[in-house]
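Each remark here refers to the structure printed beneath this line.
Nothing in this text is a laboratory measurement; each read-out follows from the coordinates by a stated rule. The structure displayed is predicted, hence computed values, not measured ones. All Cβ positions, even for glycine, are placed from backbone atoms using ideal geometry, and neighbour counts span all protein chains on display.
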Amino acid sequence: MEEHRARKRFGQNFLSDPNIIRRIIDGIRPQAGELMVEIGPGLGAMTAPLVERLGHLHVVEIDRDLIARLHENYTAERLTVHEGDALKFDFGSLGAPLRIVGNLPYNISTPILFHLAEFAEAVKDMTFMLQKEVVMRMVAEPGTEEYGRLSVMLQYRFRMGRLFDVPPGAFRPAPKVMSSIVRMVPLPVEQLTATDEALLGRIVTAAFGQRRKTLRNTLRDFLDEMDFEALGLDAGLRGERLAMAEFVAIANHVAAKGA
Ligand code: SAM
C-alpha cells in the first residue's frame, strides 16, 4: 500500500513505538465484548490490538484516505467505521456503557473534550493521549498556574488521572511537544450538584476570562457585595483561588436569586 503522508491540518502524528502502544493498551484494559469507540484511528497503531482484544470496535475518522485503508484491513464484523468529524459525532448513538479512547488530534483537544463531556452519562470511561500541557490543565488544582476553565468544567464531571508521559520520539512525524495519557471517569450523577450547569459554565468562563482581575470585577454581572457576604467569599480573590465546589456554590446562589 502507498505510504500515507501525514496531514498537519488533521493533527496527524502516528504512534510508532510498540512499547508505548502496549503500555497504553494495558492502561485501557480492553475486555472482550465491551462497547468501545476509538477517535482518530489513523494508521491503526491502537486499532489493531484493540480489535484483537475486544472482538469489535467502533472508530470515528475524518481522513478519507485513512478510512479507505481501514476498510481494506478490517471486515465490518470487526470494525464499524464512522466517517466524519468527531466534534460533531453523536457518541450517544453508539449505546451505553461506552468506553472512549484515542490519541486525539492536538489541534482540537479543548473543543473535543467539551463535546465529549456532553455524553458523560452514557460513558463508562475515557482514556486519551493529549499534549502534556493540556493534561496538566485538566488535572490542575486551585491556586496553580495551570488551573482554569478546563480544570473546573472537567473536574465537575469527571475524576481524572494522568497515567504517564509519552516523548515526541514515539510518533512519526514527531510532534514538538511532550504528550501524556489521561484517564477520565464520569462522577455519579448525584455528585453533580449545580442546579443550572449552563450558568455554572458562564460563571467559570467569566472568572477566568481576565485572570489578573479579582472576582469583584470578573463576576460583577452575577454577584454584588451582599452576595459575596452571603456566600462568605472574599471579593478580592482571583478565580484561580476558588475550588470547584465554590464555583458550584456561586452558581447555585445566582440561580436561586434569579428564581
Ligand atoms: N490513533 C493513531 C495513532 O495513534 O497513531 C492516529 C493519531 S493522530 C494524533 C489523530 C487522528 O485523528 C488522525 O488519524 C486524524 O486523521 C484524526 N482526526 C483529526 N481530526 C479529526 C476529527 N475532527 N474527527 C475525527 N478524526 C480526526
Checked region 93-203 with the C-alpha gyration tensor, a ≥ b ≥ c its square-rooted eigenvalues, rounded below a/c of 1.5, otherwise prolate if a/b is larger than b/c and oblate if not; verdict oblate
With +1 on the Cβ of every Lys and Arg and -1 on the Cβ of every Asp and Glu, the dipole magnitude of region 191-259 about its Cα centre, in debye rounded to the nearest 20, is 360
The farthest towards the positive end of the charge dipole of the chain, of the residues 102, 15, 222, given +1 on Cβ of Lys and Arg and -1 on Cβ of Asp and Glu, is 15
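Rounded to the nearest 0.05, what FRET efficiency is calculated for residue 220 and residue 197 with R0 set to 30 Å and r the Cβ-Cβ distance?
0.85
What Kirkwood hydrodynamic radius do you get for region 158-259 when you take the inverse of the mean 1/r over all pairs of distinct Cα atoms, in Å? Working shown, then result.
On the way: mean 1/r = 0.0625 Å⁻¹.
Result for region 158-259, one decimal place: 16.0 Å.
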A correct Karplus calculation of ³J(HN,Hα) over region 173-190, with 6.51 cos²θ - 1.76 cosθ + 1.60, θ = phi - 60°, whole Hz and x for Gly and Pro, returns x, 6, x, 7, 10, 6, 10, 9, 9, 10, 10, 10, 10, x, 7, x, 4, 5
Cα-based Rg/(2.2 N^0.38 Å) for region 152-204, rounded to two decimals, is 1.62
Averaging 1/r across every pair of distinct alpha carbons in region 1-75 and inverting yields a Kirkwood hydrodynamic radius, in angstrom, of 13.1
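Check the chain and count each lysine pair with an alpha-carbon distance under 24 angstrom, considering only pairs eight or more places apart or from different chains.
Values: 8/88; 8/132; 8/176; 88/124; 124/132; 132/176.
Going through the chain pair by pair, I get 6.
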For the chain, the dipole about the Cα centre with charges only on Cβ (Lys and Arg +1, Asp and Glu -1), to the nearest 20 debye, works out at 680
Going residue by residue through region 79-84, the Karplus relation 6.51 cos²θ - 1.76 cosθ + 1.60 with θ = phi - 60° gives ³J(HN,Hα) values, rounded to whole Hz and with x marking Gly or Pro, of 9, 9, 9, 9, 8, x
With the convex hull built on the alpha-carbon atoms of the chain, volume per residue in Å³ sits at 131
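Hey, with R₀ at 41 Å, roughly what FRET efficiency would residue 144 and residue 80 work out to, going by the Cβ-Cβ distance, to 0.05? Spell out each step's value before the answer.
Numbers: r = 41 Å, r/R0 = 0.99.
Efficiency at R0 = 41 Å is approximately 0.50.
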Plugging the Cβ-Cβ distance of residue 8 and residue 90 into 1/(1 + (r/R0)^6) at R0 = 25 Å yields, to the nearest 0.05, a FRET efficiency of 0.35
Computed over the Cα atoms of region 56-120, the Rg and Dmax in Å are 12.3, 33
For residue 179, the residues 5 or more places away or on another chain with a placed amide H closer than 5 Å to its own amide H are 132, 166
Computed on Cα atoms only, the convex hull of region 205-259 has an orientation-averaged projected area in nm² of 3.4
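Report, please, the projected area of region 9-138 averaged over directions, based on the convex hull of its C-alpha atoms, in nm². Mind showing how you got there, number by number?
Details: hull surface 30.1 nm².
Approximately 7.5 nm², given one-decimal rounding.
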